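The values are calculated or read from the model by the stated rules, or taken from the named source; none is laboratory data. Keep in mind it's a predicted model, so treat the numbers as computed, not measured. Note: ideal-geometry Cβ built from the backbone for every residue, glycine included; neighbour counts use all protein chains shown.
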Amino acid sequence: MRAFHAIGVGDLFYGRAAVLMPIALMVGIGGYFWLPAEPPLWTAGLGLAATAVLAAFGIRRAGWPSLVLILVAMGILGASAAVLRTQWVAAPV
């Protein structure tokens, strides 16, 4: 945890982001269920890659832009997790 304090984002993770990250994850999952059609499986891989990029840029910055990037990444992660879980438990119809 000292590494986070050294780059100036320690307060971000111990403050607002710790409360808002699960909410952003749930918003992403809810957004998946709001879609009119089932997205293809490759969108989950694209979403996971976007999550990694956004989180990497979010951790390197400090302040509100960092919080926004991390929350968007968590929303994309939630939607990607919903796509993967749906594909995993899909049964032939």
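Taking the stretch 35-58 as the range and being under 15 Å from the mean Cα position of the chain (by Cα) and over 15 Å from A24 (Cβ atoms) as the test, the residues that pass are T43, A44, G45, L46, L48, A49, A52, V53, A56, F57.
Filter the stretch 57-83 down to residues that are in contact with a Gly (Cβ under 6 Å, 6 or more places away or on another chain) and either among the polar types (S, T, N, Q) or farther than 16 Å from E38 by Cα (or both), then give me how many there are. Write out each step before concluding.
Initially, the stretch 57-83 is screened for residues in contact with a Gly (Cβ under 6 Å, 6 or more places away or on another chain), giving 62, 66, 69-70, 75-76, 78-80.
Filter once more, so that each one left must be either among the polar types (S, T, N, Q) or farther than 16 Å from E38 by Cα (or both): 62, 66, 69-70, 75, 80.
Selection size over the stretch 57-83: 6.
Among the residues of the stretch 59-83 satisfying the criterion of being surrounded by 13 or more Cβ atoms within 10 Å (Cβ to Cβ) and more than 16 Å from I23 (Cβ to Cβ), which is nearest to the chain's Cα centre (by Cα)? Among those that are surrounded by 13 or more Cβ atoms within 10 Å (Cβ to Cβ) and more than 16 Å from I23 (Cβ to Cβ), it is S80. So is L35 under 14 Å from A17 (Cβ atoms) and either modelled with pLDDT of 90 or more or not hydroxyl-bearing (S, T, Y) (or both) or not? Against the criterion (under 14 Å from A17 (Cβ atoms) and either modelled with pLDDT of 90 or more or not hydroxyl-bearing (S, T, Y) (or both)), L35 does not qualify. Residue pairs whose Cβ atoms lie under 9 Å apart, separated by 6 or more positions or on different chains, with the first residue in the stretch 68-84 and under 12 Å from G31 (Cα atoms) and the second surrounded by fewer than 21 Cβ atoms within 10 Å (Cβ to Cβ) and of a type in the set (D, E), are V83/E38.
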